Amino acid sequence: MLTKTCPKCLKNKEIGEFSKRAGSEHLFRSWCKLCCCQSTREWQKTPAGREARKRAYKIEKLFHPDRAGKRIKAARKKNPVKFREYDLKKNYGLSTEEWEKIFALQNRLCAICGTDTPNNKNQWHTDHCHKTKIVRGILCGRCNSVLGFSSDSIEVLQKAIKYLEKFTEEEPDEN
């Protein structure tokens, strides 16, 4: 059986206790697997090691976003209430109770068209001003899209109304 001495722990060990070098079948690392693991753990506890791990995680997420995404999707599916509370607080500064109070003041209907159906994945949209971050109301998917595609521009929406009025036929008189 082949043996090799680890220069870190100074023990003579079997060759199987050493990792193979990347891209080589016959070359082995200098340190044994135990010493490599111990050294890596110690290095990861240092500030430089923690920063390197953060960078590696970001790179992993960049090149393999589906791996992190799958874990997050699974967690969101497992506990939707927790993530809804988190999203409302993070994005709009609202608690679930505050959101429900706004929706109740609208009689649980879209603030623009008055529908009781959210239209989009069965979710209501929290409308807010993108500049001030102030919540304006709760909208169905279609009304939220109208505001989004018009970039919340009153001028664009007024032009759209004038355009539609040009092509709206008047009802014929029944005499």
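See the values below:
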| read-out | value |
| --- | --- |
| Table column - 3J(HN,Hα) (Hz), the range 4-9, Karplus curve with 6.51, -1.76, 1.60, x for Gly and Pro | 8, 9, 7, x, 7, 9 |
| Rg over Rh, two decimals, the range 15-116 (C-alpha only, Kirkwood Rh) | 1.31 |
| Residues whose placed amide H lies under 5 Å from that of I112, excluding near-sequence neighbours | C140 |
| Length-normalised contact order of the chain in % [C-alpha pairs under 8 Å, at least 6 apart] | 9 |
| Proximal lysines to K8, defined as alpha-carbon separation beneath 24 angstrom and excluding residues fewer than eight positions away on the same chain | K20, K33, K45 |
| Tally of Lys pairs whose C-alpha atoms are under 21 Å apart, taken over the range 79-167, 8 or more apart or cross-chain | 10 |
| Whole-percent pair-distance distribution, where bins are 5 Å wide, for the alpha carbons of the range 79-167 | 3, 13, 21, 23, 21, 11, 5, 3, 2, 0 |
| Debye intensity ratio I(q)/I(0), log10, the range 126-172, q values 0.14, 0.24, 0.29, 0.33 Å⁻¹ (C-alpha model) | -0.45, -0.91, -1.08, -1.17 |
| Relative frequency of Cα-Cα separations exceeding 27 Å in the chain, percent | 61 |
| Formal net charge of residues neighbouring G49 (Cβ-Cβ distance under 12 Å; K, R +1; D, E -1) | +4 |
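Here, each number is a calculation from the coordinates, and none is a lab measurement. Given the structure is predicted, the values throughout are model-derived calculations rather than measurements. Neighbour counts are summed over all protein chains in view; Cβ atoms, including those assigned to glycine, are modelled from backbone coordinates with ideal geometry.
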